[in-house]
Each structure stands twice: as C-alpha cells, then as structure tokens.
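Chemist: My questions all concern the structure below.
Values quoted throughout were computed directly from the atomic coordinates according to the rules given, and no laboratory measurement underlies them. Values in this document were obtained by computation on a predicted structure and should not be read as measured data. Cβ atoms come from the backbone with ideal geometry, glycine included; neighbour counts cover every protein chain shown.
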Amino acid sequence: MERKSKVTQSAANAACEQLQADSKNVTVNAVIGITGGSFSTVGDMVKLWREEQAAHSAPLLQMPESVNQAMHKAAFDVWAAASTLAGESVERIQHEAGEAITKAKAELSEYMGEVSRLERELEQANLKTLEMKHSLDTAQEKAVKITSENAAFVAQLTEKDSQLLSFKADYAKLQSELVEIAKAATKPARKPRVKTPPKKAAEDGKMG
C-alpha cells in the first residue's frame, strides 16, 4: 500500500486558490479531496489561508484619534489594573512568606530548645555515669583492699592456730610432768636397810 505524502501548507494554499478560481466553495472537505490528509490538519491550514486572504484584502484605514486615545487609555487602565493586582499579589506573597518565616523561626526555636534540653540531659547523664564509674572504681579498690586484708587475717589466724596447737602440746607436756612430780611427792619414803655385823648375826642365830 502506497503511503500518502504529508500535506503541506503550500499544497493546501494551492488547493484553496484552485477552488476559488473554479468559483467553488473553499471547504475543508473540498481541500482534502485535492490534497488528502486529516480533517484536523487540513482544517488548520484552510483557516490560516483564510486569515491571510482577509489580511490582504482588507483596506488600510486610518485609525481615528479618538480611537487611538481610547486604546491608549484602555492600555493604561489595563496596565494600572495589572500593576495593582501585581502589587496586591506581591504584598500577599510577602505577607504569606513573612508568616511562613515567622512560623519556621518559632519551630526552629522550639527545636533548638528541645535540642538544648536533650544536650543538658545528656551532659547530666554523662556526669552521673562518671560518678558511678568513680564509685565503682572506689568500691573495687575497697574490695581488693578488703580481700588483701582478709587474706592477711587468714594467714594470721592460721599462724595463731599453729601457735595455739604448740601451746596446747606444751601445756599437755607440762601437765604430764606436773602429775609425775605430784605422784613422786605423795609416794612414802622407803626406810634404809641397816647392815648387821657378821658376828652379831651369828649370835642371833644361836639364840634362835
């Protein structure tokens, strides 16, 4: 299938002039019948051709001074109204911007206050942490000292126990010795034996 070429403005203008020369109505469908194309595309081209024809065929008229002054006054009034609206818009925008800035500053001040409060709490927490660490270090030092002193006390008690056992052994030995001394003191003394002379002994034998 052969593809149709794209319709150009010059082709549409030529078709319009051809229809006008043939004393036919210049319509969009009539132009499409010559050039082809879509209604929307050709319709815009026909409209542009008609505007150009009207501009060329319209007589050049001298604008009256009253109309000229009225146009200048209307333009001035429009400009003044636009300036007023622009000024009002600027004032409104400035007012809204000022309110937004004030609100933002208040929120920022609130946030800064909260940040300051949190910083103070953090500083206090750090101080408490340092105090707790110092207390913990002190407690650990005391615990080490007490442990060392306890070990020394245990050693001293062990030494005292050894001394006590030695004293007990010495006491038992001393008590045993005292008992022996007491027994020896309470035992009756033995009479010494007197030797009889031999001669006397013989005489005693005879007498018996």
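Chemist: How would you rank 129, 27, going from fewest to most other Cβ atoms within 10 Å of each one's own Cβ? Before the final figure, lay out each step's value.
Modeler: On the way: 129 10, 27 13.
Ascending Cβ contact count within 10 Å gives the list 129, 27.
Chemist: Could you check the simple spin-label distance between residue 158 and residue 54, using points 7 Å along Cα→Cβ, in nm with one decimal?
Modeler: Each label point lies 7 Å from its Cα, and together they span 12.5 nm.
Chemist: Quick one: which residues, 5 or more positions from residue 36 or on another chain, have an amide H under 5 Å from its amide H? H modelled 1.01 Å from N in the peptide plane, none for Pro or chain starts.
Modeler: Answer set, sorted by chain and number: none.
Chemist: Here's a follow-up. Please state the shape class of the stretch 7-57: rounded when a/c is under 1.5, otherwise prolate if a/b exceeds b/c and oblate if not, all from the C-alpha gyration tensor. Please report the intermediate quantities before stating the final value.
Modeler: Working: a/c = 1.82, a/b = 1.23, b/c = 1.48.
It is oblate, given that a/c is not under 1.5 and a/b is not larger than b/c.
Chemist: Next question. Which of rounded, prolate or oblate describes the stretch 1-160 when judged by the alpha-carbon gyration tensor and an a/c cut-off of 1.5?
Modeler: Values: a/c = 13.05, a/b = 2.92, b/c = 4.47.
Here the stretch 1-160 falls in the oblate category.
Chemist: Let me ask something else about it. Per 0.36 nm of contour for each residue apart, how much would the distance between residue 14 and residue 139 grow if the chain were fully extended, relative to their Cα-Cα spacing? Walk me through the intermediate numbers first.
Modeler: Numbers: separation 125, 0.36 × 125 = 45.00 nm, distance 10.91 nm.
Extra length available between residue 14 and residue 139 comes to 34.1 nm.
Chemist: Check the stretch 1-142 and count each lysine pair with an alpha-carbon distance under 30 angstrom, considering only pairs eight or more places apart or from different chains. Numbers along the way, then the final one.
Modeler: On the way: 4/24; 4/47; 6/24; 6/47; 24/47; 128/142; 133/142.
The result is 7.
Chemist: Next question, about the same structure. For each of 41, 35, count neighbouring Cβ atoms within 10 Å of the residue's Cβ, then give the residues from fewest to most.
Modeler: Working: 41 16, 35 21.
By the 10 Å Cβ count, ascending: 41, 35.
Chemist: With +1 on each Lys and Arg Cβ and -1 on each Asp and Glu Cβ, and nothing else charged, work out how big the dipole of the stretch 7-57 is about its Cα centre, in Debye to the nearest 20. Can you show the working numbers first?
Modeler: On the way: 3 positive and 5 negative charges, 20 e Å.
Charge dipole of the stretch 7-57: 100 debye, to the nearest 20.
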